[in-house]
Amino acid sequence: MTSADIVRELQAARPAAPHALRARVEAIATAPPAPSTSGRRPPFLARRRLLLALPAAAAVALASAGAIGIVQSDAPRSTAVAEGDSLRSSAPPATVTGPTASVGAEAAQKAAGAGAAGGTATDAATPGPTTGRAQRVTANLTLQVADTDALSQATQSALDTARSLGGYVVSVSYATGEEGTASLTLRVPTERVQDAITRLSGLGTILAQQVQIDDLQESIDAMSRRIATLRERIARISAQLTDTSLDAETRATLEARRRAARDELAALTTNRAAQKAEARLATIQLQLVTEQAGSVVPGSPSRIDRAIDRAVEVLAWEGIAVLFGLVVLGPFVLLGAGVWGVQRLARRREHERLLGAS
Amino acid sequence: MHAMTMARPATTTGDRLTFAQAAESHLDDVYGYLLYLVRNHETAEDLAGATFEKALRLWPRFDSRRGGARTWLLGIARTTALDWFRAESRRRRREEAAAVPERVEESFVEGLSPALEQALLTLTAGEREVIALRVVLELDGEATARVLGLSPTAVSTRLSRALKRLEEKVSEHDLC
């Protein structure tokens, strides 16, 4: 008998359910269905829900990022006005007691609509030197003017301002073309530096401003104490040298000491004078640019740009949160999958054993 | 083949297949499959009844898009049979000393030649079930694989071996 014969015979003798079983199954099928007590969702439904949940979650993430972006685009977080405000709030008090104080500001008041009012802001923002203390004051100011005519006028006004305040011009670099620029280095008496900055700020729109104050008083005081000590030492050595009973060797040693003290005294005196001179005059670096040259300052982003930026930021945070969740839950998921796989394999082997033994 | 008329369906979902319809259509298949597995009419009837009781409870979870009702019912029948085999295995171990004879009928399928019937008795349940599904019930490879939880290739291999073994046993019987 071949396999084909066997198949034919098996198919011809296909078993049929007996009447008793048929009646039993009929009774089962017509009985009212028992209420489900497990309450468990079918696995395929859970999988289908998961398949729906993933794109839904992605859509919610995108929608929330978009909504947050649109809502928060009303309030720009880093505009020129805010920077101007930070300039005021971050300015130290008028009395600077530390060795160094520095204030910087990027102000695009044109974009913020502040215009020439920047000069007023500077009054409050610029820290002034402390009266009675020697301080090195350095100010950097970048102003924007309308055109080359205004540039010329502003340059001349800056020179006049420096002179009128008792200062002088160290250097001037003036260039015109498509975009005009002028670089001036001015020195004005330190006590009038605030006045100078205020007046210079009025020459155009402030694009950038930095004021640095270095306290020199401590160094000058230390040098003064050293000078006094050296003078006392020189006087004492000179008195010793008036003694005629000194031997030649001692006299030579004392004279060498007095010479060294005098040399140090001379150097210190010169250095102290230089520092006092430096403290008397403040240095102002003034940069004037025409509007074209000043366009390097980026304009305020539009509301759409802000909304997109914020939405991207929110999406990035959402991505970070998802990644964090995956990193944290990943090992547990892998472990669960491993346990499930092992159980499935064990169950299949058990089935094979049961069916192989019968 | 017996005709069965159900009084009313247990579940009515419009044009969808009802449990009563599924039971009526596939009762012979479920019974035949179980009979080949357990080689005993009485046990096969009990297991078929248990299968349909279980299937009625699970019917709300049945999704025809994931496979036909026959495959689904045969899967439940297989689980029921495996539970029975497990219980039988435990019982046999317990009663081994008493040497209780296995409830196997010499002629569990009517209409087969004695040689083929004897040869079937020598096969394992695993071999008999693949023959029942692929040959007797004429399920395709995919459906059989779904019922057995195997790949179609594995089903094909298993069927080929079972038929070869069956052929050998029948030949041996003929020679005797």
How many nm is it between the label spots at A:A256 and A:R231, if each spot is 7 Å from the Cα in line with the beta carbon?
2.8 nm
Contour minus end-to-end for B:E168 and B:T153, with contour as 0.36 nm per residue of separation and end-to-end as the Cα-Cα distance?
3.1 nm
Quick note on A:I304, A:I6, ordering by fewest other C-beta atoms within 10 Å, gives A:I304, A:I6
For B:L17 and A:E313, what does the FRET efficiency come to when R0 = 51 Å and r is the distance between their Cβ atoms, rounded to the nearest 0.05?
0.45
Straight-line reach from A:K276: which aspartates and glutamates have a Cα under 16 Å away, not including same-chain ones fewer than 8 places off?
A:E191, A:D214, A:D215, A:E218, A:D221
Given a Förster distance of 41 Å, the FRET efficiency implied by the Cβ-Cβ spacing of A:S164 and A:I320, rounded to the nearest 0.05, works out to 0.10
Assuming R0 = 35 Å, can you tell me the calculated FRET efficiency for the pair A:Q11 and B:R66, based on Cβ-Cβ distance, to the nearest 0.05?
0.80
Counted neighbours (other Cβ, 10 Å), sorted fewest up, put B:K164, B:K54, A:K276 in the order B:K164, A:K276, B:K54
Residue span A:D147 to A:S238: 0.36 nm per residue of separation minus Cα-Cα distance leaves a gain in nm of 25.9 nm
Provide A:D247, A:D221 in ascending order of the number of other Cβ atoms located within 10 Å of each residue's Cβ, fewest first.
A:D247, A:D221
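Only the coordinates and a few stated rules stand behind these numbers; no lab work does. The shown structure was predicted, so the numbers you read here are calculated from the model rather than taken from an experiment. A quick note on method: Cβ atoms are made from the backbone with ideal geometry, for glycine too, and the neighbour counts reach across all protein chains shown.
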